[in-house]
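One structure is given here, and the rest of the page talks about it.
What follows is calculated from the coordinates using simple rules that are stated; it is not laboratory data. All of these numbers come straight from a predicted model, not from anything done at the bench. Methodologically, a virtual Cβ is constructed for each residue, glycine included, from the backbone with ideal geometry; neighbour enumeration extends over all protein chains shown.
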Amino acid sequence: MWRYRSVLPEATPVSLGEGWTPMLPSKRYPHAFIKEEGANPTGSFKARGLALAVTMASHYGLKALAIPSAGNAAGALAAYAAAAGIEAHIFMPKDVPFANYLEATMYGANVTLVDGLISDCGRIVAERKEKEGWFDISTLKEPFRIEGKKTMGYELVEQLDWEYPDAVFYPTGGGVGLIGMWKAFAELEALGWVKPGRRPKMIAVQSSGCAPIVRAFEQGEKASQMWPNAATFASGLRVPKPYGDYLMLEILRESGGLALAFPDEQIFSSLKDWAGDEGILLSPEGATSTLAYEHLLRTGFLKPEDRVVLFNTGAGLKYTDVIAEAAGLQRPV
Ligand SMILES: Cc1ncc(COP(=O)(O)O)c(C=O)c1O
């Protein structure tokens, strides 16, 4: 990721080898590429934002960081905080994938499992941070996580020989990756690093069990409403009221993109299909990208010759318990 250090804040990196993830061509769709973010340290794209946020926290001499998380950001913070010798205080839903609990614990973070969603975790951090002396590292409440995530935009353009794809599919929870990539595109244009062309259509994908962005997009709203009883096996997408919703909605519309939601059963079918047919074990979040792509080919919104990037934001192997449950799999006795 630090190959882009000239467009990142100046500081000595706290690095675990994040970024420059594979851009895998699909076997079946010659113009579709999987951006394999599961190859990052801690197995998700959250490594990028937290590598930079912890780098800057270390640069400014912060001693204790707190985070509300859907799971993967917690694991990433815990790892980078351990590498930097900074305390991490983590609040995440009690039913996160077990790997998120395990990694945060092994990295030595202070972990609190909350009977609620990321929004409840955010409330707890906000209530306690002042008294405890924690710096709140929630997305979009500090400036650096988005800077780390914007490197996905630089990277996908560089990996496509400095040309924009026609569309980018992004599994959307808080939407920070999407906002970061859009910022990267503006910077690439200002620097003259991208061949002139139309920016990609940005496609935000959610689960029907938690689709506040899709509902706001379809209803022509500027911001989203809190999604009641949010539930999906794609735990990273369980964000009932994203903080940066208005930015995301603006980007989707400006890019000529879309917001789409699908039921978990269909998402799981796509996960299984891409594992068996392409050899790629997607995360449930990543499988929303592949499902949405195939849907938009069927509707004619995209043509088979359109070049697209499908984000797999996390490694399928972080979800062994979640995928086993969806597949009805148990270890044979
Ligand atoms: C694997 C995965 N994909 C996607 C997301 C959503 O990311 P964003 O908040 O950038 O929309 C998350 C967030 O936790 C995640 O863990």
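Things worth noting here:
- Here's the list of aspartates and glutamates a cross-link from Lys222 could span, going by alpha-carbon distance under 15 Å and ignoring same-chain residues fewer than 8 apart: Asp245, Glu250, Glu254.
- With each label modelled as a point 7 angstrom along the Cα→C-beta vector, the Leu191-Arg5 pair spans 1.4 nm.
- For the range 143-193, the set of chymotrypsin sites (Phe, Trp or Tyr not before Pro) satisfying both a DSSP loop assignment and a count of at most 14 other C-beta atoms within 10 Å is given as Trp162, Trp193.
- Segment Arg307-Lys27, extension gain: residue separation times 0.36 nm, minus the distance between their alpha carbons: 99.4 nm
- Partner aspartates and glutamates whose Cα lies under 18 Å from the Cα of Lys27, excluding those fewer than 8 positions away in the same chain, are identified as Glu36, Asp273, Asp277, Glu278, Glu294, Glu305, Asp306.
- Residues Thr320, Thr42 arranged by fewest to most Cβ contacts within 10 Å: Thr320, Thr42
- Annotation: lysines with alpha-carbon distance below 20 angstrom to Lys131 (same-chain offsets under eight excluded): Lys63, Lys141.
- Listed by Cβ neighbour count within 10 Å, with the fewest neighbours leading, Trp20, Trp274 appear as Trp20, Trp274.
- With only Cα atoms counted, the range 173-284 has Rg and Dmax values of 15.5, 45 Å.
- Of His59, His89, the sequence from fewest to most neighbouring Cβ atoms within 10 angstrom is His59, His89.
- Gaussian network model of the chain, springs between alpha carbon atoms under 10 Å - residue of Leu258, Leu50, Leu140 with greatest fluctuation: Leu140
- Rounded Å value of the spacing that divides the Cα centres of the range 158-215 and the range 12-72: 16 Å
- In range of the label at Glu218: residues from the range 240-262 whose backbone nitrogen is under 11 Å from the point 7 Å along Cα→Cβ: 259-262
- Computed across the chain, the Kirkwood hydrodynamic radius from all distinct Cα-Cα pairs reaches 19.7 Å.
- Under the convention that each Lys and Arg Cβ holds +1 and each Asp and Glu Cβ holds -1, the size of the dipole of the chain around its Cα centre is about 260 debye.
- Calculated FRET value between Ala64 and Tyr246, using beta carbons and R₀ = 35 Å, to 0.05: 0.70
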